[in-house]
1. What spacing in nm lies between the two simple spin-label points modelled at R323 and K360, each 7 Å away from Cα in the Cβ direction?
2. How much FRET efficiency would the formula 1/(1 + (r/R0)^6) give for K441 and E414, where r is the Cβ-Cβ distance and R0 is 60 Å, rounded to 0.05?
3. Peptides 53-59, 31-37: what's the order by average Cβ count within 10 Å, highest mean first?
4. Quick check on region 17-74: what does the Kirkwood estimate of hydrodynamic radius come out to from the alpha carbon pairs, in Å?
5. Which order results if S415, S376 are arranged by neighbouring Cβ count within 10 Å, fewest first?
6. Can you put M326, M287, M85 in order of Cβ neighbours within 10 angstrom, beginning with the fewest?
7. Grab the Cα-Cα distance for K468 and E103, subtract it from 0.36 nm times how many residues apart they are, and report the gain in nm with one decimal.
8. Residues of region 395-415 with the amide nitrogen closer than 18 Å to a label point 7 Å from the Cα of K374, along Cα-to-Cβ, please.
Amino acid sequence: MELVALSTAAFVIFVAHTGAETAQDTANKIATPCHEVLFLAAAADAAENRASRAEAVLQELYRDAQRLSTRLACEPALTKQKALMLLLATTKETTARVTDELENKAKALKAAANTLRRRAQQVHTLRNNNHKATSYGAATANDAATEDQIGSGNGKTCKLVVSGDTPKDNSCTDDGVKTSDLEAAASALNELETVKLLPDKAFGFSGIEVTIAVKGNPATLANPLTDNKGCGTVGDIAKDAAAATNAIGLTKIARAATETTTTTVYIRGGNSKKDSCTPQEQAGKQMIITQAATAYALCTIKETSINLPTRPLKNKPKDFFGRADMQQLAVLLNTGNAEKFPTGAAAEAEVKQILGEEDKTFEELFFATASDAKLSFKVGTDTIEGETTKLQQEGKHGRALAYCYGRSIREVEESAKKLASSNSNKNKATDTPKSVDECKKHLTEKPCKEGGCDFDEKKPEGEKCFPKPETEKKDEKSFSGKLRVFVPQVFAAIILLEFS
């Protein structure tokens, strides 16, 4: 068994190493604008997808908290209420713990992707402008010209139509580098150390290259014009270029791009290898996305790792038994004090007591249609009716919360009134002042006290049972008064929790 495991591990290492070499080899083969555009577009897509997944998980956590709060407010069963409280607490804690990290990393990934897309557009524009012209239409003189273009009294204009060749780098299908390989290399940035990119000088304005051919003896072309705009002879003025003895003509127009051969760039560092991502100095003042800026964007994507949290609703009860954070929350819910924290099986038992041990996800346990709490109430002429989950999806979350919280408060207040009334009646029966004669007839302690009298064994016979002093009566309103104060405080605390 150990030999098999070792062989498998060696095979996995070999495959991973081979894959890394393939991605790096492809990155080293980037030689044309087409290659770079395809590579950068794929890297930008991957970064944006990762950012979107992180943002989606955050939104799901926010929605889960809403669903749990509505279900908790509307759940009549106390055992389920406790489980929902625990799930709501851990969902909110998870959300609070990961929000800043996920938002910041998603922002960094999207910014890097934006840089790559701008660079790709820049390269695409360069490719389109890098045209050469080798075919020309007939030159036609404009005899009606009234503006002197050259400076002599009989100056004429001459229009030459130039057509451009189609760039030869519109496709990567004929140069041995497949689009799929470039996309695969972009998705394997973690395995890349270097990449080839067009140099910064390729994007600098270098003017237009114009080639003028001379026929015959340049020395006989009279003298150069004093403004250096051209040359000409009197003898060949009526001849075309082919028949002229001495002539000068336009043969090529091309963008004079310099250094368009791709060069190697370190993803960490740009021009030189560094230990970490290196931002470009004065990046905000650059008119172009440089090699260094592109390397920094690629490095940011490579170095930004996101560990997406699991939504608590996707867990099963058994997933939480051994988790210290869930044990702490469970102890606080069960006892209100976690100063003396249980360990081992005792700590797990605290979680089991609240969540149970069913082999289903919490989403299945609490939000399956069959088990979802149903509501029905009116707001004006509108009837709001349905499962709590459905009401939340329909944007009726707040009204469902208000209805359920109000119902719970009224139930607690009604119970408090009944309990206070019961205690009051009991006190009236036992605290009505007794006369000396009524107490004397009780000879032992138990019937004496049950009759509303006090008993003292040390007193003489016939006097051991005697009326209670008036000052020992209990305040009938104390219990119910405290309850009436407590309920609104609880409601305010819950509302603060839900909407904070």
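1. Distance between label points: 2.0 nm.
2. Details: r = 41 Å, r/R0 = 0.69.
According to the calculation, E is roughly 0.90.
3. On the way: 53-59: 15.7, 31-37: 22.6.
By packing density, highest mean first, the sequence is 31-37, 53-59.
4. Numbers: mean 1/r = 0.0672 Å⁻¹.
For region 17-74, inverting the mean 1/r across all distinct Cα pairs yields 14.9 Å.
5. Numbers: S415 12, S376 9.
The order, fewest Cβ neighbours first, is S376, S415.
6. On the way: M326 26, M287 8, M85 16.
Ranked by crowding around the Cβ, least crowded first: M287, M85, M326.
7. On the way: separation 365, 0.36 × 365 = 131.40 nm, distance 7.03 nm.
Extra length from K468 to E103 when fully extended: 124.4 nm.
8. 400, 404
Every number here is computed from the coordinates shown, using simple stated rules; none is lab data. A quick note: this is a predicted structure, and the numbers were derived from the prediction, not measured. Don't worry about glycine lacking a Cβ; one is built from the backbone with ideal geometry, like all the others, and counts go over all protein chains shown.
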